[in-house]
Every structure is written in C-alpha cells, then in structure tokens.
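Sharing a structure below in structure tokens format, with a few things to ask.
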Amino acid sequence: MKIFENVTEQRRKNMSRIRGKDTSIEMALRKALWGKGYRYRKNAKNLPGSPDIALTKYKIAVFCDSEFFHGKDWEVLKPRLAGGNNGEYWVEKIRKNIRRDAENDKKLLFLGWTVIHFWGKDILARTEECVKVIEEAIFDLKYRWAEE
C-alpha cells in the first residue's frame with residue numbers, strides 16, 4: 001500500500017520544508033532565555049526525547065511542541081484528520097507522537113528531570129510567560145535544594 005499516493009506536489013513541497021530543530025518557536029524561546037542569562041543545551045541527544053532546550057544546571061527539559069504534530073486538542077483534530085487525505089497515516093503518526101512524548105516524559109522524570117512542554121502558538125504569543133514558567137521551576141528547585 002502506498003501511503004502518499006494522493007499527495008499533491010504542493011503538499012509534498014510544504015512537508016519537505018518542515019524542520020525538526022531550530023524552528024521559529026524554539027528560536028524565540030531560546031533567544032528570550034539567553035537574553036535573561038540562562039544557558040542551555042539545544043536538542044540534547046543524550047536525553048530521552050532530545051529536549052529542544054535542556055537547562056542542565058537545573059535538570060529542566062523544555063519541549064517546544066507544534067500543535068499539529070504533537071496533537072493539541074487531539075479529540076477535535078483526530079476526526080478532521082481521519083476524513084482528509086491519508087487520514088489513517090496521519091492519525092496513526094500523531095497518535096504515536098503523543099505516546100512517544102509521554103514515554104520520554106516518564107523516562108526524564110525517572111532520571112530526576114523536570115519536564116516542561118509549551119505549545120508553539122503560546123511561545124510566539126506569550127514568550128515572556130513561558131520564560132516565567134521556566135523561572136518558577138528554577139526557583140522551586142533552588143528552594144528544594146536549600147532545604148536539603
């Protein structure tokens with residue numbers, strides 16, 4: 001069975017331009033964090049899921065998730081995808097992505113990492129709020145360390 005037999009040339013071009021790293025949402029959040037003096041590793045391959053941003057000093061893993069590929073509002077998106085071109089493929093692909101994300105989160109938590117996910121549109125619309133969430137996680141960690 002050919003999975004992409006109904007794909008138009010325009011769709012093929014659009015899909016080929018989708019990046020896996022250094023996306024606009026990652027760049028926006030990284031720039032804001034760097035400007036505040038936070039240092040990080042990007043796409044840390046040594047960690048489960050290769051977090052987009054890994055604040056290794058604090059063991060905080062940040063994922064910048066695109067709404068489509070990571071299944072935002074999945075129960076609404078799923079029927080729309082199922083009725084479109086290659087519906088079975090896309091439903092299964094995104095379902096696997098959601099499952100994989102959850103597994104990677106569990107692995108990171110087991111390793112003692114704090115895991116934070118942001119939706120892409122939230123990063124672009126409210127970058128400073130996203131930075132504040134990360135800063136609150138850092139503050140909580142520092143507070144716990146001080147009590148030990």
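FYI, it's all coordinate maths here, none of it is from the lab. Not measured: the values here are computed from a predicted model. Cβ coordinates were reconstructed from backbone atoms using ideal geometry, including for glycine residues, and neighbour counts include every protein chain displayed.
Counting other C-beta atoms within 10 Å, which of Leu33, Leu109 has the fewest, and how do the rest follow?
Details: Leu33 20, Leu109 13.
Ranking Leu33, Leu109 by Cβ neighbours within 10 Å, fewest first, gives Leu109, Leu33.
Now, a different point. Between Trp145 and Asn43, what is the label-point separation in nm under the 7 Å Cα-to-beta-carbon projection?
Roughly 2.8 nm, to one decimal.
Given [x] 1.16; [y] 1.00; [z] 1.03, which label gives Rg/Rh (Cα atoms, Kirkwood Rh) as computed from the coordinates?
Computed from the coordinates, Rg/Rh (Cα atoms, Kirkwood Rh) corresponds to [z].
Between Ala102 and Glu136, with labels modelled 7 Å along Cα→Cβ, what's the label distance in nm to one decimal, could you check?
2.5
Please work out how many pairs of lysine residues in the stretch 92-148 are eight or more positions apart (or on different chains) and have Cα atoms closer than 18 angstrom. Walk me through the numbers before you get to the answer.
Values: Lys96/Lys106; Lys96/Lys107; Lys121/Lys132; Lys132/Lys142.
Pairs that pass both the separation and distance tests number 4.
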